[in-house]
Amino acid sequence: MAKSSLLKHGFKAKAERLALEYRSKLLIEPHGSLDGFDLAAFLEIPIYDATEFLNSPLEKARLAGSGENDCGWSALTMTPASGRKIIIHNPYHTLPRQQSNIMHELSHIICGHEEGPRYDFLIPLGMRSFDEVHEEEAKCLGATLQLPRVSLVWAAKKNMNNFEISEHFNASIEMVAYRLNTSGVLKQFKYQYIRDK
């Protein structure tokens, strides 16, 4: 089954609407950058640095690993005894990746996804079972919150290249390329992005 078919009909359009609605509520222009930490504060979702839960230098070093030593751990949403959802994230990732991580976790909360059972909660090794549909929805909504189609069309009309879009929206180059492709903007303005290949 193709990944795109995991999303219910109309979900992508809903994601685009939500991206603009949250910008409006935070008094941000449709083509403005939406910060994940600001959105979390607006939604009253506390965000914690994962190092607050680690004791040994070895654990922190593993979390901070990069390249071949990257542990691959980004963030997670959990509900502690207080009953209030929180997000724990990896502060060693680049700022654009942190934005993507936070937007992804916020998307799970916005979509009302229930957390899967934890098999082992050991940052950065903690793993959780996950629902494939929920993950695809969070991937779609998280990416759209960062880079709505309206914003990408605005950037294309301003002749911004991928690097400039990345800088303006504090998104990774990979995320920019992904959204240009999945939003249809790359196809619409294909002539313009030939120079970025």
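Defining a contact as two alpha carbons under 8 Å apart and six or more residues distant in sequence, what relative contact order in percent does region 1-107 show? The value is 23 percent.
With a 10 Å radius around each residue's Cβ, average the other Cβ atoms per peptide and rank 52-64, 158-170, 92-104, highest first.
Highest mean packing first, the order is 92-104, 158-170, 52-64.
Summing +1 for each Lys or Arg and -1 for each Asp or Glu among the other residues whose beta-carbon sits under 12 angstrom from that of K60 gives -2. Of all lysines in the structure, those lying under 30 Å Cα to Cα from K158, and not within fewer than 8 positions of it along the same chain, are K12, K14, K25, K139, K187, K190, K197. Divide the volume of the convex hull around the Cα atoms of region 12-74 by the residue count and you get 128 Å³ per residue.
Coordinate-derived values only; no laboratory data. From a predicted model like this one, the values you see are computed outputs, not experimental measurements. Counting neighbours? That spans all protein chains shown, and the Cβs are built from the backbone with ideal geometry, glycine included.
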